[in-house]
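Below: the structure, in structure tokens.
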Amino acid sequence: MPEDKTANLATPFQVNQKVVYPLQGVGQIMAITERVFKGKPTQYYQIFLPVTDMTVMIPVGKAVEIGIRSIVPREKAQEAFNIIASDFEPITADWKMRYQMNLDHLKSGDITDIALVVRNLYHRSKVKELPILERKLYDSAMKLLIDEIAFSLDIPVAEVEAIVHEKLEPLGKSAIVSSLDSDSDSEEEFEPEPEEEEDEE
């Protein structure tokens, strides 16, 4: 049996704390345990991720490097709201380049980067229907954004969803449609950059 190390630990995060795991969403640290790995005692966070109903084991020493972070404060959540409500800035019509750019934003795990993905892809969808992979990226970014803001502001997810769509829609209605015929949104012959699997030993 692994030894439970849930008390008096000098670690960046503590038991029961809500944290964000990049690309995975908001989770909760259920325990901090110690196991022997390659002959050495190693501490691990046990993080439960409700969105996938999974518990992952993350080495304490690698958590920050992987991108595990605390829920943002209220001011940062409000900044994300401001970003999605800001003026629409057209992005490249090349969907392959656009996909990689937005994927990089999402990988950063920063809530302001996630808000940019939501804003950019929402307005792009008003110009032309998103390719399947981009649509999945948009849905993932929206879920990540809404969940973290709900935890940060301590308000229901449904309320956050309503606020997000209210801030997006006025701009969506006035988005300028241009150069549609020159867009190239075919997914043929494009393979997105493979995800790097994190070491969760």
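Near LEU144, once Lys and Arg are set to +1 and Asp and Glu to -1 for all other residues with Cβ below 12 Å from its Cβ, the sum equals -3. The lysines within cross-link reach of LYS143, meaning a Cα-to-Cα straight distance under 30 Å and a gap of 8 or more places when in the same chain, are LYS18, LYS62, LYS76, LYS96, LYS107, LYS126, LYS128, LYS167, LYS173. Couplings 3J(HN,Hα) for the range 16-33, derived from phi with the Karplus relation 6.51 cos²θ - 1.76 cosθ + 1.60 (θ = phi - 60°), are 6, 6, 7, 9, 10, 10, x, 6, 10, x, 7, x, 10, 6, 8, 6, 10, 10 Hz, where x marks Gly and Pro. Classify the range 56-163 from the C-alpha gyration tensor, please: rounded if a/c falls under 1.5, else prolate or oblate depending on whether a/b exceeds b/c. Oblate. Computed from label points 7 Å out along Cα-Cβ, the spacing between THR11 and LEU49 is 1.7 nm. Taking 0.36 nm per residue of sequence separation and removing the Cα-Cα distance, the ARG135/VAL64 pair yields an extension gain of 22.6 nm.
Can you give the extra length, in nm with one decimal, that the chain gains between LYS107 and ARG74 once fully stretched, where that is 0.36 nm per residue apart less the Cα-Cα distance? Don't skip to the answer; put the middle values down first.
Details: separation 33, 0.36 × 33 = 11.88 nm, distance 2.19 nm.
So the extension gain works out to 9.7 nm.
For the range 3-70, the normalised intensity computed at q = 0.15, 0.18, 0.26 Å⁻¹ comes to -0.42, -0.61, -1.20 (log10 of I(q)/I(0), Debye sum over alpha carbons, equal scatterers, no solvent). Close amide H partners of THR42, meaning residues 5 or more places away or on another chain with modelled amide H under 5 Å apart, are ARG35, VAL36, PHE37.
Would you please put 98-109, 19-30 in order of how densely packed they are, using the mean number of other Cβ atoms within 10 angstrom per residue and starting with the highest? Numbers along the way, then the final one.
On the way: 98-109: 17.7, 19-30: 19.4.
Going by the mean number of other Cβ atoms within 10 Å, highest first, we get 19-30, 98-109.
FYI, it's all coordinate maths here, none of it is from the lab. Small disclaimer: the values here were computed from a predicted structure and weren't measured. Heads up, the Cβs are rebuilt from the backbone with ideal geometry, glycines too, and the neighbour counts pull from every protein chain shown.
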